[in-house]
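The values are calculated or read from the model by the stated rules, or taken from the named source; none is laboratory data. Remember, it's a predicted structure, so these values are computed and weren't measured experimentally. Neighbour counts are summed over all protein chains in view; Cβ atoms, including those assigned to glycine, are modelled from backbone coordinates with ideal geometry.
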Amino acid sequence: MIQFEKTTLANGLRVIVHTDISTPFVAVNVCYNVGAKHEDTDRTGFAHLFEHLTFGGSQHVPDFDTPIQNAGGTNNAFTTNDITNYYITIPANNIETALWLESDRMLGPKFTKKGLEVQRNVVIEEFRQRNLNKPYGDTWHLLRDLSYKVHPYRWPTIGLIPEHIERATLEEVKDFFFHHYAPNNAVLVITGNIKSDQAFRLAEKWFNDIPEREITNNIILPEPLQTTDREITVYREVPVDTFYVAWHMSSRLDQDFYAADLLSDILSGGNSSRVEERLVKGQKLFTEADVFLSGENEPGLFVATGKINEGVDFEFARNAMIDEVRLTADSLITPHELEKVQNKVEAEQVFNEIGYLEKAMQLAAYEILGDAGLINEQAAHYRAVTPDDIRKVASEILRVGNCNTLNYLSLKK
């Protein structure tokens, strides 16, 4: 059980504190309720662009890295389809350095045409290197666009096309910031060697004067029920043929999520999983294979993928994977299989709760989902799943008409 205290400042900033005296450090984590799903369809990649822009200096801080390094700390950030998360770890006696930096970041970046141009070029180059010029780099562009027709999950965090970032004006960038990055659209979590009363006092000192802003998140339309299977085939300069099969599944807060997560572990969670035992080591169809969840807050994807072994027929291997996955909808898994993956999930949760930074990020993510207290309910949700729950969820996810198949074939053949 993770103990924490929570308050809300006058400007709407939610502040959560967890004390851990086993470390001399603290983590300062600021999570914004803005991700790729909040972007306009003709200006995608903005949330990821801001992850870069805000490290290029803010209104009163020309450089973020130097003050953190001088104070003995480290800092970084990440963007997903749902959130943008900034974090700093620093010796507890230097916490005000971290709070100063994060509060100034929230106040606003140093908006200049030159700064935008520098970070724009960085992001576009990253797009080209990771998604256009890297083997399998455009997989998620293709798979998301195939699977989603309405919901903004149809593009990855890097954006749909680099031209969206190329065309972005300084005014558009400013507008996106001031309508999304705000105390009333964020969660500040402080964990580590600090008492809650001190943490709340310092949070108010550094953040309370930042004005709340009008949040203008776009209306996110739900993805219509898919009723027809979809399939595309592409040819690329890649070493081996690969496939990705994706089915729509429930949202993160749905009870079915836990059954789907356990199902993915039963299929490919380790050396004794079904796919590994039967298809990789047994029939030797794949050099590697995986079944996983895309993991978004809103209804996401249940994905199976495999890299085909040399000499193995592509369709035979792909169909063998689909049959193996669908087998779980036709028959009950064994109590031993279920208990094994439940124990694994609980062990992973315990491991994640050891580090003060991991606790900070999880508390923030659950608060964005609706309640930081959800962090203490996860083990019970997983433990409550039964073999019949897994069969039921498998039947719902793996139904005919809900399947999206990307055949990613090598040009070498």
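Points to keep in mind about this one:
- Test: residue in the range 212-221 that is touching a Lys or Arg at 6+ places or on another chain (Cβ under 8 Å), more than 28 Å from residue 310 (Cβ to Cβ) and assigned to a loop (DSSP other than H, G, I, E, B): yes
- Residues in the range 364-385 that are surrounded by fewer than 22 Cβ atoms within 10 Å (Cβ to Cβ) and small (Gly, Ala, Ser) were compared, and the one that is farthest from residue 18 (Cα to Cα) is 384.
Quick grid of which residues meet (1) modelled with pLDDT of 95 or more; (2) not charged (D, E, K, R):
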site	(1), (2)
220	no, yes
230	yes, no
266	yes, yes
283	yes, yes
298	yes, no
303	yes, yes
309	yes, yes
312	yes, yes
323	yes, no
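- Test result for residue 276, surrounded by fewer than 19 Cβ atoms within 10 Å (Cβ to Cβ) and not assigned by TED's automatic domain parsing to the domain that holds residue 152: no
- Residues (in a loop (DSSP other than H, G, I, E, B) and either surrounded by 19 or more Cβ atoms within 10 Å (Cβ to Cβ) or of a type outside the set (D, E, K, R) (or both)) located in the range 139-163: 148, 150, 151, 155, 156, 157, 158, 159, 160, 161, 162
- Selection from the range 196-211 of residues that are surrounded by 13 or more Cβ atoms within 10 Å (Cβ to Cβ) and assigned to a loop (DSSP other than H, G, I, E, B): 208, 209, 210
- Residue count for the range 84-110, restricted to those that are at pLDDT 95 or above and either not in a helix (DSSP H, G or I) or not assigned by TED's automatic domain parsing to the domain that holds residue 65 (or both): 8
- Top-ranked residue of the range 338-363 - restricted to ones that are surrounded by fewer than 20 Cβ atoms within 10 Å (Cβ to Cβ) and of a type in the set (S, T, N, Q), ranked as modelled with the lowest pLDDT: 352
- Per-region count, the range 15-56, residues part of a helix (DSSP H, G or I) and under 19 Å from the mean Cα position of the chain (by Cα): 10
- Scanning the range 238-263 for residues that are charged (D, E, K, R) and in contact with a strand residue (DSSP E or B) (Cβ under 9 Å, 6 or more places away or on another chain) yields a total of 2.
- Residue ID - surrounded by the fewest Cβ atoms within 10 Å (Cβ to Cβ), chosen from residues in the range 14-71 that are within 25 Å of residue 169 (Cβ to Cβ) and of a type in the set (Lys, Arg): 43
- Checking residue 215 against (1) touching a Phe, Trp or Tyr at 6+ places or on another chain (Cβ under 8 Å); (2) closer than 27 Å to residue 113 by Cβ; (3) hydrophobic (A, V, I, L, M, F, W, C), the condition it does not meet: (1)
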